[in-house]
Structures are given as structure tokens and as C-alpha cells.
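Structure first, then comments.
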Amino acid sequence: MRGFDYLPGVATLELDREACIGCGICPTVCPHLVLEMQGPKAAVIDRDECMECGACALNCPVKAIRVDAGVGCAGGMLNQWLAGFNIRLRNDGSCC
Amino acid sequence: MRWMPTEAGPVAVISGALTGGDVRGAWKARWGIGRMSYIVPPGLYAIGEPDHGSPVVVTANYKMSYDLVRRALAARDVWLLVLETYGINVWCAAGKGTFGTGELIRRIETCGLPRVVSHRRLILPIMGAAGVKAIEVKKRSGFEVLFATLRIEDLPACLDNDMQATRGMRELTFTLRERLVLTPIEIIGAMKSLLYAALPLALLAGFSGGSFSLDRLLAVLVLYAISVLCGTVLVPMFLPQLPGRMFAVKGALAGCACSLMCFAALGGPARIGRADLAAMVLVMSAVSAFYAMNFTGSTPFTSPSGVRREMNRSLPVMATAAAAAVVLLVIRIALP
């Protein structure tokens, strides 16, 4: 995102250009303009900008996009990890 | 409440104007007061005098989302289809799947939307695309999904522009104002740790020279609160300016700087011993780093893979710093 850089080289986004049919939905759902139509097919412009929301993969009609989608939230991950030890913090709504 | 008769039964007509109560409600939700029950009933609503050709805009049933949408669409004739997201905003609900394909199709059916409008087009926020599979909605309900804009403020311009979103409408931002409105809930969530983290630490630090000092206990509580504010407010404020890619690094740097300023403010080396100073720097940097890392959940650009890596790298460092501070304080008591 303009003005913000997160960790490079970690995003799991992959586009299979062979499988892409060029429908054009992925560039319209990506909130970071990571995908763009180049000629008849989509292309990944800047993978490090990807926040792995999964909108492109979900909406791709031919499953040409693969991404380990989820929400990048440390608090949520910590709660999940603690739940693995059967420790449950009361969810008081401080997190969505 | 005025009701508008339609082919699918009466539909509530809602105003685009927000009342003082709506503004107060949004403020309370920002501060975490009754936030999880700040909801409106899902279903179809009418803004203005919509007819069978009017556009249908879809949103979540978090009242703040609903209020922002109806305010933006005031003075227009549109249908508003509110999905049951259990009081969660569009983006988070899309991530959870409640603002999702299944709920959208169900809601279209239960509201009788095909009988209310003659066209077959729905307007959704782009942030909802993580939960809604447009081709499946089309296949199962006949409605075409149009992901319009990211920000609701841009929707009117997009509607006027024949549903063509400009590049700016499709690119996320995270301005100072957008960051600051998210900080109250962070402060509220973090201040609870005053009880289970700061108090034990303050009790330990309170022992000094064979006696217990209330001043020292209070000083530790205040210093802890300052480091929480550092991680939850200062770091979000200066997020683009602080060095480091990891939020924890930004937080640790800010916390360290804060601790040194507090050291100077408290009288410097004349008043504070080396062990105390070291414990102060370690704890304040770690606490600020932790709450800065927590802010990843509020940003619209951190990927789960990145956050996982950040946590794996930084949590052990924070834990070590906190443990070292405790050891220092214990040694200080044992060796006067």
C-alpha cells in the first residue's frame, strides 16, 4: 500500500497464467492493485503488496489463483494459539 | 417509521440523516462500549423513494457500517440490503465468511428481492469480495454482483459514473485519521493488562532497600500505562515514519525512546539506579512492541503470513526482555 511496506517475500499468492481465462474479476476485487490485466490474461504486479485476503482466489472462476487466505491479526492468532492449550481469554469485543 | 408497499411486502423507509444518537452510538462503539451489540436487523430497507429500477446496495448489519452507507446515499433513491453479519463490519465479516455467498443468496430470497426490483444487479463493497463469490451468487440467485468501491464515501461518485470506479476508488489508504479512529479500542483492550501484568510487576518493583515503597509501585503503573499508550497510539500515529517493517520493531523503538524520556523526566542517573533503568527500558520496549504488533489486526495491509513471521521472530525477544527485567528486579531485592 502506498506509504506502507510490510514484510517482503512472505505472501503466498500464486497465479497460474496458463489456467487464467482473462475474465478480469481478480483486478477488480484486489484492494491493493496487486493484480492487473496484461494483454488477455491477469498478472501479479507486486506480490509483496498482497495481504492475502483471498478475494481473488475465491472469485476466480477457474481456480487459477492460490493463496493461503486469512486475516493478518496478531491478537487473533495469539488467541488461537492459546486456545490450543485450552486457554480461552474472554472475548470482550476488543477484536473483530 | 414509514413503510413502503412492494411486491414482496412492506419495506421500512430509512433516513439518510444521522441523529445525535447515531453519532454518540458510533463514538461509544469506537471506545468498545456495547460494540458487539451495535446492530440493526438484517433485511431490505428503502432510502428515498426507490422503485423497481433503483440500484441495490449491500452492506453489513454493524450499525456503524449501516449508518455510513445510508448517510452517503442520502438524497438518492436506493434499496439497501443489510446482511446478517452479527454486528461485524464488512471486511472482518467477509474474512469470517458471514458477509458471504450463502448469506447473500439467503437474504435475497427471504427479502423477496427478485419481486422488488426488475433488474438483476447488486452493488457490494470491494472489501466484501473476500467472502462473496460473485459467479456463484449469479448462478444461484440470478443476481450479478458488482464490487464497486472500497470506501463508502466514493460510492455516490461511482454511481454517478455509471458504476465505473476510478483507480483511486479501488486502492486502499490508511491515513492518519483512518489510523487514529482505531486507537481507542486498542487502548481499552490493552489497559486491562494493567491488572494482570503491570500490578504484579509493580508489587515486585515496589520492594526497595528492605522496605516497600508505594511511590515506586505507582511509578511502575504509570510507566506501564505510558508504554501501552506508546504501542497503541504513538505507533499507529507514526506508523509510516517509524523505522522497521515489523510493527514490533517500530513499537520497541518507540517504547525504548519513551523509556529514556521517562528516565530523564524522573531525575536521570541521580535518582534512578542502573538496574532500575535497565528494567524500565526492557519492560517499556517489550510492552510497546507487543501492543504495536497487536495493531496489525487493525491495518488493511498486513498479510497473515507476514504476521506469523513477525510473531515467530519478535515474541521470543519480548518474552526474554520481560523475563530479564523481572530477574533484574529480583536480584535488586536480594542484593541491596
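Taken together, B:T19, B:T59, B:T6, B:T85 contain a single residue that is surrounded by fewer than 16 Cβ atoms within 10 Å (Cβ to Cβ) and either within 18 Å of B:I108 (Cβ to Cβ) or out of contact with any strand residue (DSSP E or B) (no Cβ under 9 Å at 6 or more places or on another chain) (or both), which is B:T19. Any residue at all in region B:59-76 that is of a type in the set (F, W, Y) and either modelled with pLDDT under 95 or under 21 Å from the mean Cα position of the chain (by Cα) (or both)? Checking region B:59-76: at least one residue is of a type in the set (F, W, Y) and either modelled with pLDDT under 95 or under 21 Å from the mean Cα position of the chain (by Cα) (or both). Residues in region B:300-336 that are farther than 23 Å from B:M284 by Cβ, in contact (Cβ under 8 Å) with a residue 24 or more places away in the chain and buried (at least 18 other Cβ atoms within 10 Å of the Cβ): B:P300, B:F301, B:T302.
Within region B:210-251, take every residue that is among the β-branched types (V, I, T) and surrounded by fewer than 22 Cβ atoms within 10 Å (Cβ to Cβ) and give me the one that is nearest to the other protein chains (Cβ to nearest Cβ).
Within region B:210-251, the first condition is being among the β-branched types (V, I, T), and the residues that meet it are B:220, B:222, B:226, B:228, B:232-233, B:235, B:249.
After this cut, where a residue has to be surrounded by fewer than 22 Cβ atoms within 10 Å (Cβ to Cβ) as well, the list is B:222, B:226, B:233, B:249.
On the way: B:V222: 22, B:I226: 20, B:V233: 15, B:V249: 11 Å.
Looking at the filtered set, the residue picked out is B:V249.
Taking region B:267-298 as the range and being farther than 21 Å from B:E186 by Cβ and either outside any helix (DSSP H, G or I) or within 14 Å of chain A (Cβ to nearest Cβ) (or both) as the test, the residues that pass are B:G267, B:R271, B:I272, B:G273. Selection of region B:111-142 for residues being closer than 25 Å to B:M4 by Cα and in contact (Cβ under 8 Å) with a residue 40 or more places away in the chain yields B:C111, B:G112, B:L113, B:R115, B:V116, B:V117, B:S118, B:H119, B:R121, B:L122, B:I123, B:L124.
For the structure I just gave you, tell me whether B:G267 is surrounded by fewer than 15 Cβ atoms within 10 Å (Cβ to Cβ) and either over 30 Å from A:V34 (Cα atoms) or in contact with an Asp or Glu (Cβ under 6 Å, 6 or more places away or on another chain) (or both). Against the criterion (surrounded by fewer than 15 Cβ atoms within 10 Å (Cβ to Cβ) and either over 30 Å from A:V34 (Cα atoms) or in contact with an Asp or Glu (Cβ under 6 Å, 6 or more places away or on another chain) (or both)), B:G267 qualifies.
Screening A:N79, A:N86 for residues that are farther than 19 Å from B:N294 by Cβ and either exposed (fewer than 13 other Cβ atoms within 10 Å of the Cβ) or within 12 Å of chain B (Cβ to nearest Cβ) (or both) leaves exactly one candidate, A:N86. A Cβ distance below 7 Å, combined with a sequence gap of six or more or placement on separate chains, defines the contacts here; from region A:74-96, residues that are assigned to a helix (DSSP H, G or I) reach residues that are of a type outside the set (V, I, T) and modelled with pLDDT under 60 in the pairs A:G75/A:C95; A:G76/A:C95. Checking each residue in region A:3-19 for being farther than 14 Å from A:V67 by Cβ and more than 7 Å from every other protein chain (Cβ to nearest Cβ) picks out A:P8, A:G9, A:R17, A:E18, A:A19. Candidates are the residues of region B:155-175 that are under 20 Å from B:F301 (Cα atoms) and in contact with a helix residue (DSSP H, G or I) (Cβ under 7 Å, 6 or more places away or on another chain); the one that is surrounded by the fewest Cβ atoms within 10 Å (Cβ to Cβ) is B:M169.
From the list A:V44, A:V62, A:V29, A:V67, which residue is closer than 14 Å to B:G306 by Cβ and either of a type outside the set (A, V, I, L, M, F, W, C) or modelled with pLDDT of 95 or more (or both)? Matching residue, one of A:V44, A:V62, A:V29, A:V67: A:V67. Cβ-Cβ contacts under 7 Å between residues 6 or more apart (or on different chains), taken from a first residue in region B:191-220 that is at pLDDT 90 or above to a second residue that is outside any helix (DSSP H, G or I), are listed as B:G206/B:F212; B:G206/B:S213; B:R216/B:S208.
The values are calculated or read from the model by the stated rules, or taken from the named source; none is laboratory data. All values derive from a computational prediction rather than experimental measurement. Here Cβ is always computed from backbone atoms with ideal geometry, including for glycine, and neighbour counts include all displayed protein chains.
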